[in-house]
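Asks: Before we start, here is the structure in question, set down as structure tokens.
Read-outs throughout are calculated quantities, based only on the coordinates presented, and are distinct from any laboratory measurement. Because the structure is predicted, anything quoted here is derived from the model rather than measured. Cβ placement follows ideal geometry from the backbone for every residue including glycine, while neighbour counts extend to all protein chains displayed.
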Amino acid sequence: FPLPLPSVNKENWNLAEKYLRRFYGLPAGLQGRQRTSGAFEAKIKEMQHFFKLKVTGNLDDSTLEVMKQARCGVPDIGEYN
Amino acid sequence: HFPRDLKWPNNNITFRILNYTPDLDKSDVDRAIRNALNVWADVTPLTFKKVHRGIADIMISFGSKEHGDYNPFDGPNGLLAHAYPPGQGIGGDTHFDEDELWTKDSSAYNLFIVAAHELGHSLGMSHSSDAGALMYPIYSYSKGYLLSEDDIEGIQALYGPNPNRSKVKPRPDAPNKCDPMLSFDAVTELRGETIIFKDRFYWRLHPQMPEPEQTLIKFTWPVLPNKVDAAYENPEKDRVIIFSGIRMWALNGYNLVEGYPKYIHKLGLPKKIRKVDAAVYIRDTGKTLFFTEEDYWSYDEASGTMDSGYPRSIEENFPGMDDEVDAAAYHDGYLNFFHEHMQYEYSYNSRKVIRILRTNSILNC
């Protein structure tokens, strides 16, 4: 499974994890090493595809830059449906 | 749209403002919300009635961190607001993060723009992947008409058009980098990056970024106009000059230089010139070439004066080139001219066009 790029520090990694949990439904908590990492990559790809970034599944600089921008957060609509 | 195309069952929607941000006058908040609702009312049969008590369809409030819906905000920046799609109870409700600084202008987060986006959710619009759409999830400041084709198509698919209004002209979609007919407005270097302007957007090409990044001009430089005619970098002065109509702005890095805009005639161009089509700095000579219609001019950066003997004909002095230029760039003895959907690589030394490519080949297309 993909390893964080050398340029990705822990702070950025945490930011990405928080972002993917909030907006892309990345499951919280550990679910076995391999599965968590696969989900992480899949969610990054989903996010990169939406923002028309290069779809790599890696936490590259352009992906992180988008994650750091101010945005709207649509709440999970499931909770009241 | 949200899953199952959630929408209000009737066209008469009520809203209530539960509390106000201290950042703005109450009347300014009222106006921002009303104007934001009007953005959608203009293109649909929807009407919005303000109520002062009881339950409204759309309940609007300002709150910080955990504010009652188990979807906490995160302090300044990051999350700005959120809204729920149409439905009973919390459905349609719009919450703004009170930890943001809300403004009427571009100095911080503009309440009207954020409200217009959130109220789109309250009506059933989900996020758009079109960077120029109001429903794009990332905040950007812009003036003028907010809705893009994508926004209008989306809302009218739910509620239909406004029967009392003639069709409004939406903002065009963001340009597609791989459109074979793509042309550029302007190209410049900026500290080793290449910046390509097209309509309200620019692409940023960085040697370490695999893909070009498309952003609204207003997102980065709110004071720049929405349309750039020409741009060039003088790396010795660490300045990028941006042209739009008869005005020009200067950037130092990504920051605007004080004292601008200035009139392009300050450069020595005659008053009859109303716009610069393209500009390029030739590092080897210290001259900047300005292209205006079928002619070009030479400007000496060191003395800050126009060279005599100009204007000259583009067609005659750059053999093999078209008679007009949209944008130009210079690299290691080669001038890249962009005109419509073609790019001409011109050797400055051998004075001939050596390659013809598609304009968007620079964007990896």
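Asks: Counting only other chains, and only Cβ atoms inside 10 Å, what mean value do you get across the residues of B:19-27? Each step should come with its number before you reach the end.
Replies: Numbers: counts 0, 0, 0, 0, 0, 0, 0, 0, 0.
Averaged over the peptide's residues, the number is 0.
Asks: Among B:Y70, B:I113, B:A133, flag the residue with its Cα farthest along the positive direction of the charge dipole of the stretch B:65-133, charges on Cβ as +1 for Lys/Arg and -1 for Asp/Glu.
Replies: Positive-most Cα among the choices belongs to B:A133.
Asks: Suppose a student asked you for the relative contact order of the stretch B:201-351, using Cα pairs under 8 Å spaced at least 6 residues apart; what percent would you report? Could the numbers behind the result be given before it?
Replies: On the way: 285 pairs, mean separation 19.3, N = 151.
Relative contact order, the stretch B:201-351: 13 percent.
Asks: Let me ask you something else. Any idea what the relative contact order of chain B is, in percent, if you count C-alpha pairs under 8 Å spaced at least 6 apart?
Replies: Working: 787 pairs, mean separation 39.7, N = 365.
Answer for chain B is 11 percent.
Asks: Can you tell me how chain B classifies by the Cα gyration tensor, rounded, prolate or oblate, using a/c under 1.5 as the rounded cut? Write down the numbers at each step before the final one.
Replies: Details: a/c = 2.66, a/b = 2.25, b/c = 1.18.
It comes out prolate by the Cα gyration axes.
Asks: Could you calculate, for the stretch B:20-70, the ratio of the Cα radius of gyration to the Kirkwood radius, expressed as Rg to Rh? Could the numbers behind the result be given before it?
Replies: Numbers: Rg = 13.0 Å, Rh = 12.9 Å.
My calculation puts Rg/Rh at 1.00.
Asks: Right, next: Rounded to whole Å and sorted largest first, list the principal axis extents of the Cα atoms in the stretch B:1-90.
Replies: 36, 33, 26
Asks: For the protein assembly as shown, take the convex hull of the Cα atoms, compute a quarter of its surface area, and give me that in nm², please. Write down the numbers at each step before the final one.
Replies: On the way: hull surface 98.8 nm².
Projected area, direction-averaged: 24.7 nm².
Asks: On average, how many beta carbons from a partner chain sit within 10 Å of the beta carbon of a residue in A:63-72?
Replies: Values: counts 0, 0, 3, 3, 1, 2, 8, 14, 12, 16.
The mean count of partner-chain Cβ atoms within 10 Å per residue comes to 6.
Asks: Using Cα springs under 10 Å in a Gaussian network model of chain B, which residue among B:H331, B:H52, B:H341 shows the largest mean-square fluctuation?
Replies: B:H52
Asks: Measure nothing fancy, just the Cα-based angle from helix B:149-159's long axis to the longest principal axis of chain B, in degrees from 0 to 90, nearest 10.
Replies: Taking Cα atoms only, the helix is inclined about 20 degrees.
Asks: Looking at the square roots a ≥ b ≥ c of the eigenvalues of the Cα gyration tensor of the stretch B:65-119, which shape do they give, rounded for a/c under 1.5, prolate if a/b is larger than b/c, or oblate? Walk me through the numbers on the way to the answer.
Replies: Numbers: a/c = 3.19, a/b = 1.41, b/c = 2.26.
Verdict is oblate for the stretch B:65-119.
Asks: If you don't mind, there's one more thing I want to ask. Largest first, please: the extent of the C-alpha atoms of the stretch B:297-365 along each principal axis, to the nearest Å.
Replies: Per principal axis, max minus min of the Cα coordinates gives 40, 23, 22 Å.
Asks: Now, a different point. Would you kindly derive the ³J(HN,Hα) couplings of the stretch B:126-142 from the backbone phi angles with the Karplus curve 6.51 cos²θ - 1.76 cosθ + 1.60 (θ = phi - 60°), listing them in order in whole Hz, with x for Gly and Pro?
Replies: 8, 7, 9, 8, 7, 4, x, 7, 4, 7, 5, x, 9, 5, 8, 7, 8
Asks: Among B:W249, B:G259, B:I273, pick out the residue whose Cα is farthest towards the positive end of the charge dipole of the stretch B:191-332, where Lys and Arg carry +1 and Asp and Glu carry -1 on C-beta, about the Cα centre.
Replies: Positive-most Cα among the choices belongs to B:G259.
Asks: Another question, if that's okay. With the Cα gyration tensor of the stretch B:225-314 in hand, convert its eigenvalues to equivalent ellipsoid semi-axes via √(5λ) and list them largest first in whole Å. Don't skip to the end; give the middle numbers.
Replies: Details: eigenvalues 74, 51, 26 Å².
They are 19, 16, 11 Å, listed largest first.
Asks: Still on this structure: For the stretch B:57-125, what is the percent of antiparallel DSSP beta bridges, rounded to the nearest 5? Let's see the in-between values first.
Replies: Numbers: 3 of 9 bridges.
Just about 35 percent of them are antiparallel.
Asks: Using modelled amide H (1.01 Å from N, peptide plane; none on Pro or chain starts), what sits under 5 Å from the amide H of A:G57, excluding residues fewer than 5 places away?
Replies: Correct list: A:K45.
Asks: What residue among B:S347, B:S122, B:S142 has the largest mean-square fluctuation in a Gaussian network model of chain B, using Cα springs under 10 Å?
Replies: Its mean-square fluctuation being the largest, the pick is B:S347.
Asks: Springs between alpha-carbon atoms under 10 Å, Gaussian network over chain B: tell me which of B:V240, B:V353, B:V187 tops the mean-square fluctuations.
Replies: Per the Cα network of chain B with a 10 Å cutoff, B:V353 tops the list.
Asks: Please average, across the residues of B:118-126, the number of beta carbons from any other chain that are within 10 Å of each residue's own beta carbon, and give a whole number. Present the calculation step by step, with values, prior to reporting the outcome.
Replies: Values: counts 2, 0, 1, 4, 0, 0, 0, 1, 2.
So the per-residue partner count for this stretch is 1.
Asks: Taking 20 Å as the cut-off for C-alpha to C-alpha distance, list the pairs among A:K43/B:K177; A:K43/B:K7; A:K52/B:K65; B:K26/B:K49 that go past it. Could you put the intermediate results ahead of the total?
Replies: On the way: A:K43/B:K177 25 Å; A:K43/B:K7 28 Å; A:K52/B:K65 30 Å; B:K26/B:K49 18 Å.
Violating the 20 Å limit, Cα to Cα: A:K43/B:K177; A:K43/B:K7; A:K52/B:K65.
Asks: Here is a further query. Take the stretch B:94-243, drop everything but the C-alpha atoms, weight them equally and run the Debye formula without solvent; then report log10 I(q)/I(0) at 0.13, 0.14, 0.21 Å⁻¹ to two decimals.
Replies: Per q value, in the given order, log10 I(q)/I(0) is -0.70, -0.80, -1.36.
Asks: Can you bin every Cα-Cα distance in the stretch B:61-180 into 10 Å intervals starting at zero and give me the percent of pairs per bin, rounded to whole numbers?
Replies: P(r) over the stretch B:61-180, rounded to whole percents: 13, 39, 34, 13, 2, 0.
Asks: Please give, to one decimal in nm, the separation of the simple spin-label points placed at B:E315 and B:R351, each 7 Å out from Cα toward the Cβ.
Replies: About 1.9 nm, to one decimal.
Asks: Please label the shape of the stretch B:213-365 as rounded, prolate or oblate, based on the square roots a ≥ b ≥ c of the eigenvalues of the alpha-carbon gyration tensor (a/c under 1.5 means rounded; beyond that, a/b larger than b/c means prolate, else oblate). It would help to have the intermediate numbers written out before the result.
Replies: On the way: a/c = 1.60, a/b = 1.19, b/c = 1.34.
It comes out oblate by the Cα gyration axes.
Asks: Moving on to the next point. How far is helix B:26-41 tilted off the main Cα axis of chain B, in degrees rounded to 10, range 0 to 90?
Replies: That works out to roughly 80 degrees.
Asks: Still on this structure: Between the stretch B:7-70 and the stretch B:242-318, how many Å separate their Cα centres?
Replies: 49
Asks: Tell me the chymotrypsin sites (Phe, Trp or Tyr not before Pro) within the stretch B:119-156 that lie in a loop according to DSSP and have at most 13 other beta-carbon atoms within 10 Å.
Replies: In loop regions of the stretch B:119-156 (DSSP not H, G, I, E or B), the sparsely surrounded chymotrypsin sites (Phe, Trp or Tyr not before Pro) are B:Y145.
Asks: Any chance you could tell me what percent of the C-alpha pair distances in the stretch B:125-208 go past 17 Å?
Replies: Numbers: 2044 of 3486 pairs.
Across the stretch B:125-208, Cα pairs with separations above 17 Å total 59 percent.
Asks: Restricting attention to the stretch B:224-279, which GluC sites (Glu not before Pro) occupy a DSSP loop and are surrounded by at most 16 other Cβ atoms within 10 Å?
Replies: For GluC sites (Glu not before Pro) across the stretch B:224-279 that sit outside H, G, I, E and B with at most 16 neighbouring Cβ atoms in 10 Å, the list reads B:E236, B:E258.
Asks: Where in the stretch B:26-99 are there trypsin sites (Lys or Arg not before Pro) that are in a DSSP coil and have at most 16 other Cβ atoms within 10 angstrom of their Cβ?
Replies: Numbers: sites: B:K26, B:R31, B:R34, B:K49, B:K50, B:R53, B:K65; in loops: B:R53, B:K65.
Listed in order of number, the matching sites are B:R53, B:K65.
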